[in-house]
1. For the range 180-209, how many residues are under 18 Å from Ala220 (Cα atoms), assigned to a loop (DSSP other than H, G, I, E, B) and touching a Ser or Thr at 6+ places or on another chain (Cβ under 8 Å)?
2. Quick check, is Ser185 polar (S, T, N, Q) and in contact with a Phe, Trp or Tyr (Cβ under 9 Å, 6 or more places away or on another chain)?
3. One residue is enough: does the range 238-250 have a residue meeting the conditions assigned to a helix (DSSP H, G or I), surrounded by fewer than 16 Cβ atoms within 10 Å (Cβ to Cβ) and in contact (Cβ under 8 Å) with a residue 12 or more places away in the chain?
4. Mind checking whether some residue in the range 112-135 is in a loop (DSSP other than H, G, I, E, B), within 25 Å of Ser354 (Cα to Cα), outside the structural domain of His328 (by TED's automatic domain parsing) and β-branched (Val, Ile, Thr)?
5. Name the residue that is nearest to Ala297 (Cα to Cα), counting only residues in the range 207-228 that are surrounded by fewer than 18 Cβ atoms within 10 Å (Cβ to Cβ) and under 23 Å from the mean Cα position of the chain (by Cα).
6. Look at the range 151-179 and say how many of its residues are modelled with pLDDT under 95 and either more than 23 Å from Thr234 (Cβ to Cβ) or in a loop (DSSP other than H, G, I, E, B) (or both).
7. Scanning the range 96-112 for residues that are buried (at least 22 other Cβ atoms within 10 Å of the Cβ) and among the polar types (S, T, N, Q), which turns out farthest from Arg12 (Cα to Cα)?
8. Of the conditions (1) hydroxyl-bearing (Ser, Thr, Tyr); (2) outside the structural domain of Asp317 (by TED's automatic domain parsing); (3) more than 30 Å from Phe143 (Cα to Cα), Ser237 clears all except one; give me its number.
Amino acid sequence: MSADVSPPSSLRILAVSETWQGSNAYAFVRAFRRAGHSVHVIADDAFAGTPWKSVPMRAARRLLWPLIIREAEGALVEQSKAFQPHLLFAFKGVMVTPAAVRSVQQQGGVAINFWPDVSVAAHGSLPPQVLPLYNWVFTTKSFGIADMARHGVSRASFLPHGFDPETHRPASPDALDPRLPCAASFIGTWSPKKEDILAALLQRHGKLDLRIWGAQWQRASTLPPHALQQREITGASYAAAISASRINIALLSEARAGASSGDLITSRTFHIPASGGFMLHERSDEIGDYFAEDREAVFFTGADELADKIRFYLAHDDLRRRIAAAGHQRALRSGYSIDDRAAVVLAKARQLLSQQQRYATTAPRGAATLQAAPSEQARVGAPLASET
C-alpha cells in the first residue's frame, strides 16, 4: 500500500456484513458505495446465517462453531491479501478473529468495528478478545464506551444507529400489502421485557388490533396468537409495515450480561420516523435529544401510559399524522441517515490512515507499527442471538 500521508479519495473497504436488504449492516455497505468507495463484502450470514436459527441447526452450530470461525477467518485473510483494503469495517463481526484484524493491519490498513448491541459479553467469546485490537470501535450505546473499557477497549466513541434512505421511507398507500394495516404494531426481536410490556398493554386494551413481527416470538407465552405474526419482516416490507401501522411502538431492550444499562435508543428510533410512521417510543434519558416530545414523537413509561396514549392517538387522527410528519422531517434534516453515520466512520478511517502513514515515514527502521495481537488460536464460543 502507498506510503503517501494523505489517503486516496476512494478507499478500498473490506466489509464484514450481512447482505440482506434492510440489514443495518448492509446499509453501511451501500452508503460506502454511494460515497464512491470500492467495497468487497465478506458475507457473515453465508457462514452462520438464517438456516442456523432452528433448534437442531443451532445445536449443530455450537458443535461446528470452531470450524465455522476457521472458515470465516480464512476467507477474511485471503481477501485482505488479495484486495489490500485501506479499511476493514466489521459490523459487529462476531466471527472476526485476531488473525483477520492483524492481516489487514500488517498491510498498512486500519480496522474499525461498529458494535450495535447492548452487551459485548453476550455474543460469544471472540468479541471481548478482538475488540481491543481494532484501531477504532464505534458503539451505538452511550454507556458502551465505559462498558467496553472494562474489556480493554480504549479507542472507542459513540455513534448512534441511523436509517437507510434506500429502505426506510414512506410507502405509498396504494402499494401496501392489505395484510399490513393495523392499529398498533411492534417490530423487533422478542425479549422477556418486551413481552411483559405488550402483554400488560393488551390486558388494559383488550380489543386493540396489535401486530407483532420479529424473531423469537415463538418463545412468548402470555400473548394471544392473533397478535403474533410468527415471522420476521424486513427490507421494504418492514418500512411498509411501519407506514401501514397507525401507531408504531418502539420498545427498548433490557440490560444483558456485561452491560451497565439497557437500550436508551435503538435502530427503531430512527427507522420509524424515516418511514413516515407515528412513533410511540419508550421514554429514556436520551430519546428527547433526537425527537421533540409530543411534537415529533410521543413517549411513554410503563403499560398504563402506553395504553392511555394509544387510546388517545387512535382517536385523534389529524394530530397523529401531524406528529408523524414532523418526526419524518426531523429525521431527514438532522443527520440521522446511515450516509451521515458512514461519513463519520470514513472520516475516522482517513484520520487513522493518515496517522499511521505519518508514523511509518518517521519511525526508525524496524520499529513496530502494529499492535500486538493475541494468538490466532483464540478461544471461540458460539454467540447468542442479537437483541435488536
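The values are calculated or read from the model by the stated rules, or taken from the named source; none is laboratory data. On a predicted model such as this, the values are computed, not experimentally measured, just so you know. Ideal geometry is used to build each Cβ from the backbone, glycine not excepted, and the neighbour counts take in all protein chains shown.
1. Counting residues in the range 180-209 that are under 18 Å from Ala220 (Cα atoms), assigned to a loop (DSSP other than H, G, I, E, B) and touching a Ser or Thr at 6+ places or on another chain (Cβ under 8 Å) gives 3.
2. Values: polar (S, T, N, Q): yes; in contact with a Phe, Trp or Tyr (Cβ under 9 Å, 6 or more places away or on another chain): yes.
Spelling it out, Ser185 is indeed polar (S, T, N, Q) and in contact with a Phe, Trp or Tyr (Cβ under 9 Å, 6 or more places away or on another chain).
3. Here is the first cut: in the range 238-250, the residues assigned to a helix (DSSP H, G or I) are 238-244.
Filter again for surrounded by fewer than 16 Cβ atoms within 10 Å (Cβ to Cβ), leaving none.
Looking for residues that are assigned to a helix (DSSP H, G or I), surrounded by fewer than 16 Cβ atoms within 10 Å (Cβ to Cβ) and in contact (Cβ under 8 Å) with a residue 12 or more places away in the chain, one finds none in the range 238-250, hence no.
4. Initially, the range 112-135 is screened for residues in a loop (DSSP other than H, G, I, E, B), giving 116-125, 134-135.
Next, only the ones that are within 25 Å of Ser354 (Cα to Cα) stay: 134-135.
So of that shortlist, the ones also outside the structural domain of His328 (by TED's automatic domain parsing) come out as 134-135.
Checking the rest, the ones that are also β-branched (Val, Ile, Thr) come to none.
No, the range 112-135 has no match at all.
5. Filtering the range 207-228 for residues that are surrounded by fewer than 18 Cβ atoms within 10 Å (Cβ to Cβ) and under 23 Å from the mean Cα position of the chain (by Cα), the one nearest to Ala297 (Cα to Cα) comes out as Ala215.
6. Our first condition is that a residue be modelled with pLDDT under 95; within the range 151-179, this holds for 151, 171-179.
Adding the requirement that they be either more than 23 Å from Thr234 (Cβ to Cβ) or in a loop (DSSP other than H, G, I, E, B) (or both) leaves 151, 171-172, 176-179.
The number of residues fulfilling the criteria is 7.
7. Per the criteria, the residue is Thr97.
8. The number of the failed condition is (2).
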